[in-house]
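Below is one structure; the comments refer to it alone.
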Amino acid sequence: MTTETEKKTKQVGLRKYQRRVLPLMIISIVITTILLTMALFDKFPWTITIDNNTKTFALEKRLIFTIQLLFIDCFPFLLAIFAVINRRITTIAINPLDPKGHVLVEQRQRILQNTLEQLIIKLILSLTLCTVLQSNELIILPIYTILFIIGRFTFALGYPNYRSFGFLMNLSSTIFIIVLISYRFILNGTFLQYMKSKA
């Protein structure tokens, strides 16, 4: 009898939690989609001018610009590393083999692990994205970086109960960029341009 009561209590608690975080999740997805769509359709009052209408060094300049933005993306990762180090050196978790210490750093390690995973995805997508964008669409790259930074910090600050805002900001921007890159690959025939018949 008590197990059924406990299950119902847990379900009620879960529903309350879902109602509490659902608006944050929707707001995150809407903000991300609006900002990336505005960047895609050149609706911001500023633009990125690195191509200078020359085709010779256009890709090189785009890659340099993208790598410079990726440097900024490393800051949340470095801060997550320092958060784990700080917790380790100030508690009994300084010994990584002590099971008591593991509990003290588990949350920060999970934030670090997720940040590393998101950073790797962001790196691959950013480098690919810079090769398929038109000159007037390059504003997407810094907008993507800003969303990544905001997403990582709100994920870390809201962890564990309110992490969904930051996580969904990163996830929805990743999905947006993957769809954009895939569309451009299909539209430009990039997948098939290097394939030749052996006959």
*Might you let me know whether the range 59-78 holds any residue that is on the phi > 0 side of the Ramachandran plot and open to solvent by 60 Å² or more (accessible area, probe 1.4 Å)?*
no
*asked:* If I filter the range 27-38 for residues that are under 30 Å from GLY101 (Cα atoms), open to solvent by 70 Å² or more (accessible area, probe 1.4 Å) and modelled with pLDDT of 95 or more, do I get at least one hit?
replied: no
*What pairs come up if the first residue lies in the range 68-89 and is without any contact (Cβ under 8 Å) to a residue 60 or more places away in the chain, the second is open to solvent by 80 Å² or more (accessible area, probe 1.4 Å) and part of a helix (DSSP H, G or I), and their beta carbons are under 6 Å apart, counting only those six or more places apart or on different chains?*
ARG88/ILE94
*Could you check how many residues of the range 123-152 are among the charged types (D, E, K, R) and over 9 Å from ALA39 (Cα atoms)?*
1
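Let's see how each residue does on (1) hydrophobic (A, V, I, L, M, F, W, C); (2) under 22 Å from MET25 (Cα atoms); (3) part of a loop (DSSP other than H, G, I, E, B):
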position: ALA93; (1), (2), (3): yes, no, no
position: LYS100; (1), (2), (3): no, no, no
position: SER126; (1), (2), (3): no, no, no
position: ASN161; (1), (2), (3): no, yes, yes
position: PHE167; (1), (2), (3): yes, yes, no
*Among residues belonging to the range 129-161 that are surrounded by fewer than 16 Cβ atoms within 10 Å (Cβ to Cβ) and modelled with pLDDT under 95, point out the one that is farthest from LEU59 (Cα to Cα).*
ASN161
*Inspect the range 42-57 for any residue being open to solvent by less than 50 Å² (accessible area, probe 1.4 Å) and assigned to a helix (DSSP H, G or I) and give the result as yes or no.*
no
*Subset of the range 162-199 (residues that are of a type in the set (A, V, I, L, M, F, W, C), open to solvent by 80 Å² or more (accessible area, probe 1.4 Å) and either touching a helix residue (DSSP H, G or I) at 6+ places or on another chain (Cβ under 6 Å) or modelled with pLDDT under 95 (or both))*: ILE186, LEU187, PHE191, LEU192, MET195, ALA199
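The values are calculated or read from the model by the stated rules, or taken from the named source; none is laboratory data. The model shown is predicted, which means the values in this text are computed figures rather than measured ones. Note that we place each Cβ from the backbone using ideal geometry, even for glycine, and neighbour counts take in every protein chain shown. All accessible areas refer to the heavy atoms of the entire protein, side chains included, with ligands and DNA or RNA removed. Shrake-Rupley method; radii C 1.70, N 1.55, O 1.52, S 1.80 Å.
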